[in-house]
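*Asks:* Pasting in a structure now, in structure tokens, and then I'll have a few things to ask.
The values are calculated or read from the model by the stated rules, or taken from the named source; none is laboratory data. Since we're looking at a predicted model, the values are computed, not measured. Backbone-built Cβ (ideal geometry, glycine too); neighbour counts: all protein chains shown. Heads up: the accessible areas ignore ligands, DNA and RNA and are worked out on the full protein's heavy atoms, side chains in. Shrake-Rupley method; radii C 1.70, N 1.55, O 1.52, S 1.80 Å.
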Amino acid sequence: MAVQINPSILSADFARLADEAKAVEGADWLHVDVMDNHFVPNLTLGVPVVESLARATDTPLDCHLMIEDADRWAPQYVEAGASSVTFHVEAAAAPVRLAREIRAKGARASMALKPATPIEPYEDLLPELDMLLIMTVEPGFGGQAFLDIMLPKIRRTRELIAKHGLELWLQVDGGVSASTIERCADAGADVFVAGSAVYGANDPAAAVHALRTQAETAVAKASWACDH
Ligand SMILES: O=C(CO)[C@H](O)[C@H](O)COP(=O)(O)O
Ligand SMILES: [Fe+2]
């Protein structure tokens, strides 16, 4: 079971995005938080910046769309160069159609759940997805404290993935750091977004490496991974 570490450029210096992307080139993906000041109370960047970032780095882009009207906008992020596009189920009118469209355009399709959104109503949608994102903070800002109360949802989601025999990746985002990543991995996550824990470190590449080592060790010991 491969572990993936995705630094979030939300915590990077936006005036130096190309350099900040290069600073974490050992990472699996670069996590790009798109916020519209409607779905969440914050505003970040949009399609033109994603297009430029895709040209500036060889690291594939994992775009996390925290925006209204995801059905309209998500396909444009694939065209902009994102290799994985995550829409929030709370912001999608037709999540199955949208996931199929993202895949048809050539990217990995991913769906996110805010902390108060349960996984159970979406069990039948899981085969349509390449990744499920469980938010471990309320979306909108970096640097927030990890919500431990999300661990049971991560566990239940991992059980559903196993029940259906899926190759679905399970991503966690929000407050993931050296002190929380092992709990996430133990519960069933295999893709870890980290913003402040990476870009707040003196050496972001070393922080990615250290988080990967911690997550790999925790996954190797986890019961959900041993069963497979
Ligand atoms: O989606 C997000 C916020 O909505 C960010 O990806 C997330 O918060 C990363 O920052 P940190 O690791 O500092 O919590
Ligand atoms: Fe994010």
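*Asks:* Leaving ligands and nucleic acids out of the surface, order Ile149, Ile119 by accessible area at 1.4 Å, largest first.
*Replies:* The ordering from most to least exposed comes out as Ile149, Ile119.
*Asks:* Now, a different point. Given axes a ≥ b ≥ c from the Cα gyration tensor, I'd like to know whether the range 39-142 is rounded (a/c under 1.5), prolate (a/b larger than b/c) or oblate.
*Replies:* Note, shape of the range 39-142 comes out oblate.
*Asks:* A follow-up question, please. Rounded to the nearest 5, what % of DSSP beta bridges with both residues in the chain are antiparallel?
*Replies:* Taking every DSSP beta bridge within the chain, about 5 percent pair in antiparallel fashion.
*Asks:* Cα extents of the chain along the three principal axes, largest first, in whole Å?
*Replies:* 43, 42, 30
*Asks:* Quickly work out the Glu120-to-Ala178 label distance, labels modelled 7 Å from Cα along the C-beta direction, and quote it in nm with one decimal.
*Replies:* 3.9
*Asks:* Using a Gaussian network for the chain with springs between C-alpha atoms less than 10 Å apart, which of these wobbles most: Ala210, Ala21, Ala109?
*Replies:* Result: Ala210 has the largest fluctuation of those listed.
*Asks:* Stretched out fully, how many nm does the piece from Gln76 to Ala2 gain, at 0.36 nm a residue minus the Cα gap? Present the calculation step by step, with values, prior to reporting the outcome.
*Replies:* Values: separation 74, 0.36 × 74 = 26.64 nm, distance 2.91 nm.
Between Gln76 and Ala2, full extension yields 23.7 nm more.
*Asks:* Have a look at Leu113, Leu45, Leu30 and tell me which one the Gaussian network model of the chain (Cα, springs below 10 Å) gives the largest fluctuation.
*Replies:* Leu45
*Asks:* Still on this model: Which of the aspartates and glutamates could be linked to Lys114 by a straight reach, that is with a Cα gap under 12 Å, when you skip same-chain ones fewer than 8 residues away?
*Replies:* Hits, sequence-local ones excluded: Glu90, Glu138, Asp173.
*Asks:* At a threshold of 8 angstrom on Cα-Cα distance, excluding pairs fewer than six apart, so keeping six or more, what relative contact order does the range 107-228 reach in percent? Could you put the intermediate results ahead of the total?
*Replies:* On the way: 195 pairs, mean separation 27.2, N = 122.
Answer for the range 107-228 is 22 percent.
*Asks:* Divide by every residue of the chain the summed helix terms, -39500 (n - 2.57) for each DSSP H run of at least 4, and state the resulting mean residue ellipticity at 222 nm, rounded to the nearest 500 deg cm²/dmol.
*Replies:* Per the formula, -10000 deg cm²/dmol.
*Asks:* Carbon and sulfur: what percent of the range 132-228's accessible surface (1.4 Å probe)?
*Replies:* 54
*Asks:* With the contact rule set at Cα under 8 Å and sequence spacing of 6 or more, what percent relative contact order holds for the range 1-67?
*Replies:* RCO, the range 1-67: 36 percent.
*Asks:* Mind checking which aspartates and glutamates have their C-alpha under 18 Å from Lys22, skipping anything on the same chain fewer than 8 residues away?
*Replies:* Qualifying aspartates and glutamates at Cα under 18 Å: Asp13, Asp33, Glu51, Asp58, Asp62, Asp203.
*Asks:* So if each residue of separation counts as 0.36 nm, and I subtract the Cα-Cα distance between Arg97 and Asp19, what length gain in nm does that give?
*Replies:* 24.5 nm
*Asks:* With a 1.4 Å probe and every protein chain left in place, work out the accessible area per residue of the range 42-90 in Å², rounded to a whole number. Present the calculation step by step, with values, prior to reporting the outcome.
*Replies:* Details: 1850 Å² over 49 residues.
Result: 38 Å² per residue.
*Asks:* So what is the relative contact order of the chain, in percent, for Cα pairs below 8 Å that sit 6 or more residues apart?
*Replies:* So the answer I get is 21 percent.
*Asks:* Let me ask something else about it. Computing the accessible area with a 1.4 Å probe over protein heavy atoms, can you report the carbon and sulfur percentage for the range 1-116?
*Replies:* Here carbon and sulfur together make up 48 percent of the probe-accessible area.
*Asks:* Between Phe141 and Thr213, what is 0.36 nm times their sequence separation minus the Cα-Cα distance? Round to one decimal in nm. Write out the running numbers ahead of the final one.
*Replies:* Details: separation 72, 0.36 × 72 = 25.92 nm, distance 2.61 nm.
Gain on extension, Phe141 to Thr213, equals 23.3 nm.
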